[in-house]
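The values are calculated or read from the model by the stated rules, or taken from the named source; none is laboratory data. Treat the numbers as computed from the prediction; the structure is a model and nothing was measured. Every residue, glycine among them, receives a Cβ derived from its backbone with ideal geometry; neighbour counts consider all protein chains shown.
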Amino acid sequence: MRYNPPGPGSRRELEACLDSLARKIILRNERICFTCGSSNGLDWGHLFERRHRGTRWDISPSGGNHAQCNLCNAAHEATPGIYEQKYIDKFGEEKFVALRERAHSKHKFTYLELEEMIREREECLNAIVGRSAAPSAEAST
Ligand SMILES: [Zn+2]
């Protein structure tokens, strides 16, 4: 039986929700470009292409998603070796190989897995927002 519900709750919708959450988390956690250190025009840079769902929404510090400036992000497609080398310099060859394996995994996330990932990232984002809100609330009293 094939069931592909349209609209809210569809795979496309869940993936868009995950994209939005992961982007917010990455850009709140990282304030400089992973590859050149610039703080201008930061965007979400995928070490492996977005079609690799196994790493697309990774939010762990040693995952394949980091802040990148627009210039480095635009250059990545033509010269992926720069980002790869920075990753290896920072986290080591072993982590890079494991991450690349995960990126190339053929696993297709189920709806339940996508929903679970959304819940985890919502909690993570709430914790980050709460952390950054706390000191300023104290300062204003
Ligand atoms: Zn850069």
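On the basis of being over 29 Å from S10 (Cβ atoms) and free of Cβ contacts under 8 Å to residues at least 24 places away in the same chain, does I82 make the cut? If you could, list the steps in order and put the result at the bottom.
Numbers: over 29 Å from S10 (Cβ atoms): yes; free of Cβ contacts under 8 Å to residues at least 24 places away in the same chain: no.
Here the answer is no, as I82 does not meet what is asked.
Could you tell me whether the range 50-57 includes any residue that is farther than 21 Å from L125 by Cβ, touching a residue at least 24 places away in the same chain (Cβ under 8 Å), outside any helix (DSSP H, G or I) and not aromatic (F, W, Y)?
The answer is yes, given that some residue of the range 50-57 is farther than 21 Å from L125 by Cβ, touching a residue at least 24 places away in the same chain (Cβ under 8 Å), outside any helix (DSSP H, G or I) and not aromatic (F, W, Y).
Select from the range 75-116 the residues that are modelled with pLDDT of 95 or more, loosely packed, with under 15 Cβ neighbours inside 10 Å and closer than 13 Å to H46 by Cβ and list them in ascending order.
Within the range 75-116, just P80 meets the criteria.
Name the pairs whose Cβ atoms lie under 6 Å apart, with the first residue in the range 9-28 and more than 30 Å from S39 (Cβ to Cβ), the second surrounded by 14 or more Cβ atoms within 10 Å (Cβ to Cβ), and 6 or more positions between them or separate chains?
Close Cβ pairs satisfying both conditions: L14/L114.
Could you look through the range 36-49, keep only residues that are in a strand (DSSP E or B) and not aliphatic (A, V, I, L, M), and pick out the one that is farthest from the ligand (Cβ to nearest atom)?
The extreme case among them is H46.
Return the only residue of W57, W44 being in contact with a His (Cβ under 9 Å, 6 or more places away or on another chain), among the aromatic types (F, W, Y) and under 24 Å from L14 (Cα atoms).
The unique qualifying residue is W44.
Given the criteria over 27 Å from E101 (Cβ atoms) and either at pLDDT below 95 or within 16 Å of the ligand (Cβ to nearest atom) (or both), does C33 qualify?
No: the conditions fail for C33.
Using beta carbons and a limit of 6 Å, which pairs, at least six apart or on different chains, have the first residue in the range 98-110 and on the phi < 0 side of the Ramachandran plot and basic (K, R) and the second one surrounded by 11 or more Cβ atoms within 10 Å (Cβ to Cβ) and in a helix (DSSP H, G or I)?
Here the result reads R102/G54; R102/T55, each pair linking the range 98-110 to a residue that is surrounded by 11 or more Cβ atoms within 10 Å (Cβ to Cβ) and in a helix (DSSP H, G or I).
Specify the residue that is farthest from the ligand (Cβ to nearest atom); the eligible residues are those in the range 58-94 that are among the acidic types (D, E) and assigned to a helix (DSSP H, G or I).
Selected residue: E94.
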